[in-house]
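Q: First the structure, then my questions, so here it is.
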Amino acid sequence: MPSCLLHRYVICSRKEKHRILLSLLQSDAPQYGIIFVGEQSERSKKAGKAPSTILLIDFLKTSYEGALEILLMEEDMNFNSRAASLSEMRQGGGYLLVSTDIAARGIDLPETTHIYNFGLPKTAIDYLHRAGRTGRKPFSDEKCIVTNIILAEERFVLQRYENELTFNCEELTLVAQC
C-alpha cells in the first residue's frame, strides 16, 4: 500500500450514507475522485431495481453543488461508453467518477486524489485495487485520501482488511452528521 495514502472511515446508518457522502465531498473538495459502489445483486436485477450506481448518480446530480463533472463507469456499459467516460476524464477539469469495481483494475487515472468506498469491497485484495487508483502521480508528495463510509456492523471487516494489508484507518467524526 503506498505510504502517501491516508485511510479513514465514517460510521453511519444506511439511511445517512448519501448525506454523509455529500458532506464529505463538500468538506474535502476533491478535484479528482472516484466513488466505488457495490455490484448490483442478481436478486435486485430480477426485481427490476435500478443499480446503485444509477441511484447515486441521480442523487449527486440533484444534490452536489460542486464544479466537478459527474461520470459513470460500470461493468454493464459497452466498450464505447466506457471509452467516452475515460476520454472525458482525461480532457482536463475535475471529475467525480461513480464506479463499480470495473475501474479498480487496469484503469490508470494518476490525477485521482480521493477514493470514497460507498460500499466496502468484498475482499482485502479488492480494497487494495480500489485504494490503488490513487497515489499514482510520479514524484508527488501529495497525500491521497481513501474514505470508507460504513455501517457499524462493517467495522470488523475493515479491521480485517487493515490487518491483512497492514495499514491503519482512522475514524473520522463528522460533527452533527451521524
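The values are calculated or read from the model by the stated rules, or taken from the named source; none is laboratory data. Bear in mind that the values here come from a model prediction, so they are computed numbers and not experimental data. Because the Cβ atoms are built from the backbone with ideal geometry, glycine has one as well, and the counts that use them run over all protein chains shown.
Q: Considering only residues that are aliphatic (A, V, I, L, M) and either loosely packed, with under 12 Cβ neighbours inside 10 Å or in contact with a helix residue (DSSP H, G or I) (Cβ under 8 Å, 6 or more places away or on another chain) (or both), which ones fall in the stretch 152-166? I'd like the intermediate steps shown before the answer.
A: So the first thing to find is which residues in the stretch 152-166 are aliphatic (A, V, I, L, M), and the list is 152, 157-158, 165.
Across the stretch 152-166, the qualifying residues are 152, 165.
Q: Pick out, from the stretch 34-127, the helices (runs of 4 or more DSSP H) lying fully within it that include 1 or more residues that are modelled with pLDDT of 75 or more.
A: Working: elements: 42-46, 52-63, 79-90.
Filter on the stretch 34-127 gives 52-63, 79-90.
Q: Taking the conditions exactly as written (surrounded by fewer than 21 Cβ atoms within 10 Å (Cβ to Cβ) and modelled with pLDDT under 95), does residue 2 satisfy them or not?
A: Working: surrounded by fewer than 21 Cβ atoms within 10 Å (Cβ to Cβ): yes; modelled with pLDDT under 95: yes.
Taking the combined requirement at face value, the residue satisfies it.
Q: Filter the stretch 78-97 for residues that are closer than 17 Å to residue 110 by Cα and of a type in the set (S, T, N, Q); which is surrounded by the most Cβ atoms within 10 Å (Cβ to Cβ)? Working first, answer last.
A: We begin by selecting, within the stretch 78-97, every residue closer than 17 Å to residue 110 by Cα; these are 83, 85-97.
Remaining after also requiring of a type in the set (S, T, N, Q): 85, 87, 91.
Working: 85: 20, 87: 9, 91: 9.
Filtering first and then ranking leaves 85.
Q: Continuing with this model, one more query. With (1) surrounded by 12 or more Cβ atoms within 10 Å (Cβ to Cβ); (2) at pLDDT below 95 as the list, and residue 148 as the residue in question, which single condition is left unmet?
A: (2)
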